[in-house]
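One structure is given below, encoded as structure tokens.
Values in this text are rule-based calculations from the coordinates and carry no lab data. Fair warning: this is a prediction, and the values are worked out from it, not measured in the lab. Glycine gets a Cβ as well: all are built from the backbone with ideal geometry, and neighbour counts include every protein chain shown.
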Amino acid sequence: MASAVIPVTAVTSGLGVLLNSVIFYFVVTQGRRLYHYLFAGVLAICAVWDLCIFLMMIRNKYVDEVAIYGYAIIPCTMLPTLMYHFACTYINQPRKWTTIFLWLVGILAMLGMITGFSGRIDGVFRYPWGNIFRPDEKLAITNLIALPVWYVITLTSCWLLLRAYLHEREPVARRHLLYVFASLLAISLAVIKVVVVLGVEQGFFLTFGMLATDISAAIIGIAILKDRLFDIAPIVKIGLVYSFLATVVIFVFSFSEHMLTTYVAEQIGGHSELLHIVAVAISIAVLMPVKRRVEHAVDGYFGERKLRF
């Protein structure tokens with residue numbers, strides 16, 4: 001029986017791209033403070049990471065492409081530094097020298113990955129559930145060392161936010177701090193997906209990691225909708241609705257195509273273009289009633305506003 005890791009991870013990573021990209025747009029366009037741009041950097045890196053995994057999943061049978069997507073993830077080495085700098089700036093407790101040190105470490109780590117000094121990608125792991133890029137011995141050791149460092153920095157960022165939450169007395173500010181803390185904690189936990197490139201063949205870790213980034217973005221989306229986090233106007237609600245509809249399309253198309261190629265392809269001769277046409281037709285058939293329901297819900301919440309395709 002075919003594994004569900006590939007289609008489920010494709011859906012979760014695709015959702016992550018949409019959510020992080022939409023929220024990134026509104027943070028960048030409506031934010032004016034340093035912490036807005038730092039958090040936008042976190043969102044941008046999460047979106048890139050999600051996009052690389054999404055492409056790796058939908059193109060998983062093309063082994064030569066897997067390594068390319070692995071190298072495209074390199075900017076993610078800056079994520080802990082951005083999270084720490086954001087946390088310190090958001091709670092107005094700048095730690096100048098620690099922040100400078102972490103920026104230097106992050107930049108050097110990224111340069112080491114780009115130049116190959118820290119190791120290189122050397123082929124792929126062919127797990128029962130699919131293919132994932134394989135680091136050489138040097139890069140594997142680098143990742144093993146970097147993993148605890150990642151947790152120290154990111155969890156320290158979360159602790160700073162949690163401590164600020166415990167000392168805050170104003171209700172709205174407390175809720176905002178709690179939202180941001182939960183979001184960064186989810187990102188911190190998401191790095192568990194790295195173990196699949198270290199020889200751990202359980203695809204669950206990859207799927208869980210991508211789901212964690214979805215949860216992180218969803219928390220921020222809810223905070224913006226409910227409590228105007230970062231002073232972002234509620235217009236973002238429409239963007240999130242479009243993201244939901246696009247996610248439905250991605251999920252239905254990916255799942256239906258996966259099921260067709262797994263169970264029907266042999267009867268009609270391999271990977272026929274007919275399968276893609278059928279998958280598209282199924283996606284459209286599902287999208288129309290979902291679109292109407294979402295429109296009705298939006299009309300009830302926003303009055304006379306209407307979604308137009």
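Non-local amide H neighbours of Arg134 (under 5 Å, H modeled in plane, Pro and chain starts lacking H): which ones?
For Arg134, whose amide H was placed from the backbone, the distant partners under 5 Å are Asp122, Gly123, Val124, Phe125.
Please give the Cα centre distance for the stretch 106-137 versus the stretch 36-64, rounded to the nearest Å.
If you average the Cα positions of each part, the centres end up 15 Å apart.
Please identify the chymotrypsin sites (Phe, Trp or Tyr not before Pro) of the stretch 49-145 that satisfy two criteria: DSSP loop assignment and at most 16 other Cβ atoms within 10 Å. Which are they? Spell out each step's value before the answer.
On the way: sites: Trp49, Phe54, Tyr62, Tyr69, Tyr71, Tyr84, Phe86, Tyr90, Trp97, Phe101, Trp103, Phe117, Phe125, Trp129, Phe133; in loops: Tyr62, Phe117, Trp129.
Passing both the DSSP loop test and the Cβ count: Tyr62, Phe117.
Short version: ³J(HN,Hα) in whole Hz for each residue of the stretch 42-49, in order, from phi by Karplus 6.51 cos²θ - 1.76 cosθ + 1.60 (θ = phi - 60°), x for Gly and Pro, what are they?
Along the stretch 42-49, the couplings run 4, 5, 4, 5, 4, 5, 5, 4 Hz.
Ile107 to Phe204: FRET efficiency via 1/(1 + (r/R0)^6), r the Cβ-Cβ distance, R0 25 Å, to the nearest 0.05?
Efficiency, from the Cβ-Cβ distance: 0.15.
Per the Cauchy relation, a quarter of the hull surface: what is the mean projected area of the convex hull of the alpha carbons in the stretch 5-233, in nm²? Mind dumping the intermediate values first?
Details: hull surface 47.4 nm².
Seen from a random direction, the Cα hull of the stretch 5-233 projects 11.9 nm² on average.
May I ask you to work out the translational diffusion coefficient for the stretch 33-84 at 4 °C, viscosity 1.567 mPa s, via Stokes-Einstein with Rh from the Kirkwood sum over Cα pairs, reported in whole µm²/s? Each step should come with its number before you reach the end.
On the way: Rh = 11.8 Å.
Value of D from the Cα-based Kirkwood radius: 109 µm²/s.
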